Every structure is written in structure tokens, then in C-alpha cells.
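As C-alpha cells, the structure follows; a few thoughts come after it.
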Amino acid sequence: MALFNFKSRFGAGMRRSTLRSMMQMDASLLSDMGLTRYDIAEAMRQGGAAAGQLLDARRNARAAEWLR
């Protein structure tokens with residue numbers, strides 16, 4: 001379940017290998033996490049801590065929308 005925590009423990013941001021692994025996930029699994037492949041691709045362009053922040057913001061926005 002640590003995969004759902006997008007904040008890095010070491011402050012260096014999200015690793016590119018993690019983003020590549022997420023890109024290989026099934027679309028329904030990403031949807032369950034509140035993400036899309038577009039979100040992952042955009043995070044790969046951002047890199048570093050900004051990638052984790054972007055994914056966290058997207059997840060939070062979709063969760064808030066779902067709760068309405």
C-alpha cells in the first residue's frame with residue numbers, strides 16, 4: 001500500500017522507475033488509484049518532487065469530485 005503515498009521519504013521526489021512501473025499498470029488499476037496514464041506521463045515530464053505533488057493533487061481532485 002506504500003505505492004499510494006506519493007510523497008517521497010527521502011525528499012528527492014518520485015523516481016523515474018516508479019513512474020515507468022505505474023505506466024505499465026492496467027487502466028482500471030490506475031483508475032482505482034484516481035489516476036490516468038495521462039497523469040503519469042505528465043508527472044514524468046515534471047520529474048522530481050513535482051511529480052509526486054502532481055499525482056497527489058490529481059488524486060485529491062478526483063476523490064473530491066467523486067464525493068460530491
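The values are calculated or read from the model by the stated rules, or taken from the named source; none is laboratory data. On a predicted model such as this, the values are computed, not experimentally measured, just so you know. Ideal geometry is used to build each Cβ from the backbone, glycine not excepted, and the neighbour counts take in all protein chains shown.
Details
- Close pairs (6 angstrom Cβ cut-off, 6 or more residues apart or separate chains): in contact (Cβ under 8 Å) with a residue 24 or more places away in the chain and within 16 Å of R15 (Cβ to Cβ) in the range 34-60, among the aromatic types (F, W, Y) and surrounded by 18 or more Cβ atoms within 10 Å (Cβ to Cβ) anywhere: G52/F6; L55/F6; D56/F6
- Any hit, the range 18-33, residues being modelled with pLDDT under 90 and under 12 Å from the mean Cα position of the chain (by Cα): yes
- Positions within the range 34-68 being on the phi > 0 side of the Ramachandran plot and at pLDDT 95 or above, in sequence order: none
- Selection from the range 21-58 of residues that are in contact with a helix residue (DSSP H, G or I) (Cβ under 8 Å, 6 or more places away or on another chain) and among the charged types (D, E, K, R): R37, D39, E42, R58
- Conditions (1) loosely packed, with under 10 Cβ neighbours inside 10 Å; (2) modelled with pLDDT under 55; number of the one not met by S8: (1)
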